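The values are calculated or read from the model by the stated rules, or taken from the named source; none is laboratory data. Bear in mind that the values here come from a model prediction, so they are computed numbers and not experimental data. Note: ideal-geometry Cβ built from the backbone for every residue, glycine included; neighbour counts use all protein chains shown. Ligands, DNA and RNA are excluded from the accessible area calculation, which covers all protein heavy atoms including side chains. Shrake-Rupley method; radii C 1.70, N 1.55, O 1.52, S 1.80 Å.
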Amino acid sequence: MLFVTVTRLLTRARNLRVKGIVLTAVYMTSLASVLPHASATPLANSSSPLTPQHQAVTDGPYVFINPDNTHHASWICADQLIHTPVESLKVMQPPACQNLPEPSLNADLKLISADTYTGVNNIVALSDVHGQFDVMVQLLQAHGIIDEQRHWAFGDGHMVMTGDMFDRGPQVNEVLWLLYQLDSEATAAGGKLHLLMGNHEQMVLMGDLRYIHPRYQTTTQLMNTSYDALYDQDTEIGQWLRSKHTLVKINNALFMHGGISPEWLERQLSISQANRLYRRHIDDDKAQLKQDELLNFLFFSNGPTWYRGYFNQSLNEADIDKLLAYFDVDHIVVGHTSQTEVLGLYHNKIIAIDSSIKRGLSGELLLMTPEQLIRGHYNGDTQPLQAQPLAQK
């Protein structure tokens, strides 16, 4: 028992970067968490009020992978830290918790998928959910992407989430577990979920925690760890995220979080080259990335997760045409830069799908068929996406 616990701690310590992480890892808080048949046990001193105005937090699950490849889950149930074993790959919430995800784990979801697809008849895309679980669910249900029980209902269609699930909002974990479930269900139905990495995924995995919601500050305090450790390489969601792409090409459209800048053309990168570099270096320190010219480009302001040049009149339509020609596409679909609706620019060559879901009030999504580009409204109504030019320089 002691060997297993110490091994977990040492494994975690080797993965730590300088992020101000408390080395007393969650695995040390309860020996029951590493026993296959241990019962859930609360952390003895976790029920004390954190602040005079504090409201009790319920959160989870956070699923950790043990050295023998079994799993255990950690939960916060009304400010009580509870560990439960995961049996038969099914995560079950403890009786003290309510209305939290109970996912079925699927190792195949962590296999690296193709990043180019053709012959897809129906595509739906949205972006920048930022922990607004209820808005995302309402929007997906309104357009028949998921059913009333939140299961995949889009058949062989492809759904693209162009990043920024993390930060700002209060239900990031719920968003991630629903997307994890839909990833499995879509594949089983002959469809596909494309979960693309945005700048906020990169920030959290690198330990930049400036924008996390207060709910997660409470969670990490009770678990005596840092927020990024909940999604590290020894966690189910952490491994799943690290297997995902940053760019994907479907039919005649290229999807990513921020945008493709003209600098990409100078560097002559392919989609697959970039995706491999993102996966390989996602856990590097910011200082390390800055020292490498190519990685500095990819991970920061001119790269696909941060670029905003389509919205500040820095490019003309001829510049856009060069980008489209390089990738042999008709559309570049991006999030990152907030709008009030799904917006087509440069005569729909650039499509902006960050519809400000992060505000928690409403949102839109983009529906694509081989013949049509469609705005999907929050109430389920649709209308053709109007082609608009952007004011020229």
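Key figures for this structure:
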| read-out | value |
| --- | --- |
| Backbone HN-Hα couplings from phi across region 76-81 [Karplus 6.51/-1.76/1.60, Hz, Gly and Pro as x] | 10, 10, 6, 6, 9, 7 |
| Order of exposure, largest accessible area first, which applies to Ser104, Ser113 with probe 1.4 Å | Ser104, Ser113 |
| Amide H within-cut-off set for Cys77, under 5 Å, with H built and near neighbours excluded | Asp59, Ile82 |
| Sorted peptide list for 210-222, 331-343, criterion being average Cβ within 10 angstrom, highest first | 331-343, 210-222 |
| Listed pairs Lys249/Lys290; Lys244/Lys286; Lys290/Lys322; Lys110/Lys192; Lys249/Lys286; Lys110/Lys358 exceeding 25 Å between Cα atoms | Lys249/Lys290; Lys290/Lys322; Lys249/Lys286; Lys110/Lys358 |
| Extended-chain gain in nm, criterion 0.36 nm per residue less alpha-carbon gap, Ala107 and His151 | 13.9 nm |
| Local electrostatic count at Arg308 - Lys and Arg +1, Asp and Glu -1, tallied over other residues with Cβ under 14 Å | -4 |
| The chain - mean residue ellipticity at 222 nm from DSSP helices (-39,500 (n - 2.57) per run, n ≥ 4, rounded to 500) | -8000 deg cm²/dmol |
| Choice from Gly198, Gly190, Gly157 with maximal GNM fluctuation in the chain (Cα, 10 Å cutoff) | Gly190 |
| Computed label-point distance, nm, for sites Gln98 and Asp319 using a 7 Å Cα→Cβ extension | 5.4 nm |
| Accessible area of Phe300 in the full protein assembly, 1.4 Å probe (Å², nearest 10) | 30 Å² |
| Centroid-to-centroid separation of region 179-239 and region 95-143 [C-alpha atoms, Å] | 12 Å |
| Per residue accessible area in Å² of the chain, where ligands, DNA and RNA are left out and the probe is 1.4 Å | 41 Å² |
| Bridge type composition, the chain - antiparallel percent by DSSP, nearest 5 | 70 percent |
| For region 85-95, Karplus couplings with θ = phi - 60° (6.51, -1.76, 1.60), whole Hz, Gly/Pro x | x, 10, 10, 6, 6, 10, 8, 10, 6, x, x |
| Label-to-label distance, nm, for residues given as Asp328 and Asn312 (7 Å Cα→Cβ offset) | 3.3 nm |
| Radius 9 Å from Cβ of Gly335, net charge of other residues (Lys, Arg +1; Asp, Glu -1) | -3 |
| Of all accessible heavy-atom area on the chain, the percent that carbon and sulfur account for (1.4 Å) | 50 percent |
| Amide H partners (placed H, <5 Å) of Met159, local residues excluded | Val124, Lys192, Leu193, His194 |
| Virtual spin-label span in nm between Gln268 and Gln372, 7 Å along Cα→Cβ | 4.3 nm |
